[in-house]
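The values are calculated or read from the model by the stated rules, or taken from the named source; none is laboratory data. The structure displayed is predicted, hence computed values, not measured ones. Every residue, glycine as well, gets a Cβ built from its backbone with ideal geometry; the counts of neighbours run over all protein chains shown. These area figures cover heavy atoms from the full protein model, side chains too; ligands, DNA and RNA do not enter into them. Shrake-Rupley method; radii C 1.70, N 1.55, O 1.52, S 1.80 Å.
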Amino acid sequence: MQRRDFVLGAIGTGALSYLTPALAAMAAGGEPIPYGTCIRNDPLFEDPAYRKAVLEYCKVVVSEGSLKWGDLRPDRHTFTFEQADRLMTFAEEHGLEMRGHTLAWYGAMPDWTNEIASPEEARLELTTHIRSVVGRYKGRIKSWDVVNEPLSDFPKPGDLIRESIWQKHLGADYIELALRTAHEADPDVQLVINDYDIEQATDRGRARRKALLDLLRDLIDRGVPLHALGIQGHLKGDIPIDKSGLTSFVAEVKAMGLAILVTELDVIDDALPGPEAERDAAVAACARDFLDAIGAAARPERVLTWGITDQHTWVPIWFSRQDGLPNRPLPLDADFKPKPLMDVIQEFTHSFS
Ligand code: G3I
């Protein structure tokens, strides 16, 4: 029985008053929140099982790497769009939406950008890049992570914005410059600021939420074009979600007129128990706390995980397990079998009308 049929059955028996708001919304039969994943081109084009999983579950894709500076810009004068174009074409052929990630970040920068030596040069390189990349996919990529991870690791007065080549030469103004340039390149594109570690019940989590709210409010007060906040959601399975703190945070962002997207959800499981069933349950519970806390204040426009199968995930690069067991941070296991995390995502995305 489909979940909605079950809900409708409950209504038929007069049980409507017992439905939670989410189930009542589902009963109303609205469109689910589009779900998607970041994509690695190699498995997409070489592994039929990976491709099948993407097509079965996803409405949205985003490249894990091919639109980053490191992949696009081997040197100052060259743009290599082949891999990004390949994914764009695949998305269009299969009726999938493709998001853009990312235009201004500290990470994945090619070495030649260290030669940038002045504010004028930084301004020229950043704007040329954004005009070229957003312009190329104008009307096709409708939502861009324009600025990725602008916050310092642990924001403190005087240290709010993370070091990057752009911050070094332009200060925090690089954020406004990137947003305005992307807006000029495609006035219809959704402009997103995307960041992580804002959900934790820790001093650092609270400091990051406050710094992010201050940043967003300042941009909006000054009329800088900005449409949405991307909450990445690289959750640490062993650190509790600050449910009320996250709900209040999302409510404040929404009150500024910004949309919310969940852009990179996964659950880092290096410090969770080894046995698979126990670990998968803890991963799912953590994601449920996170999504429910967001959903209590806003309907996120999209929910994306940072990968769909445990076979292809960035997590072991930084968070491999001491017991040597493979990480299990994603909704499908390494054999493409759905895990409890997939149930949580499907239930959540179907819970809004
Ligand atoms: O290209 C080489 C390849 O030739 C080699 O075989 C392979 C061996 O490990 O490394 C490949 O490059 C790696 C690349 O991922 C491709 O998987 C890089 O070393 C590695 O640094 C790169 O990491 C990516 C990272 O961003 C930096 O761009 C991760 O895949 C990607 O998942 C991660 O994504 C970030 C988001 O953009 C922003 N939010 C956090 C998220 C996770 O860190």
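By DSSP, the beta bridges lying fully in the stretch 34-350 are antiparallel in about 10 percent of cases. A full extension of the chain between residue 277 and residue 201 corresponds to an added length of 24.8 nm, given 0.36 nm per residue minus the alpha carbon distance.
For the chain, the share of accessible area belonging to carbon and sulfur comes to 52 percent (1.4 Å probe, ligands and nucleic acids excluded).
Dipole size in debye (nearest 20) for the chain around its Cα centre, Lys and Arg Cβ +1, Asp and Glu Cβ -1? List each step's numbers first, then the result.
Details: 39 positive and 55 negative charges, 162 e Å.
With only Lys, Arg, Asp and Glu charged at Cβ, the dipole is about 780 debye.
The residue list 126, 272, 251 was ranked by how far each Cα lies along the charge dipole of the chain toward its positive end, using unit charges on Cβ atoms, and 251 comes out on top.
Structure note, pairs 52/339; 236/339; 142/339; 210/236; 142/236; 68/142: Cα-Cα distances above 23 angstrom occur for 142/339; 142/236.
With contacts taken as Cα pairs under 8 Å at a separation of at least 6 residues, the chain carries a relative contact order of 17 percent. At q = 0.07, 0.08, 0.13 Å⁻¹, what log₁₀ I(q)/I(0) does the chain have when each alpha carbon counts as one equal point scatterer in the Debye sum? So the normalised log intensities are -0.30, -0.39, -1.06. For the stretch 166-284, the share of DSSP beta bridges that are antiparallel, to the nearest 5, is 10%.
Our helix-only sum for the chain, with -39,500 (n - 2.57) per DSSP H run of n ≥ 4 divided by its residues, gives a mean residue ellipticity at 222 nm of -13000 deg cm²/dmol. Per residue, the accessible area of the chain comes to 43 Å², computed with a 1.4 Å probe over protein heavy atoms only.
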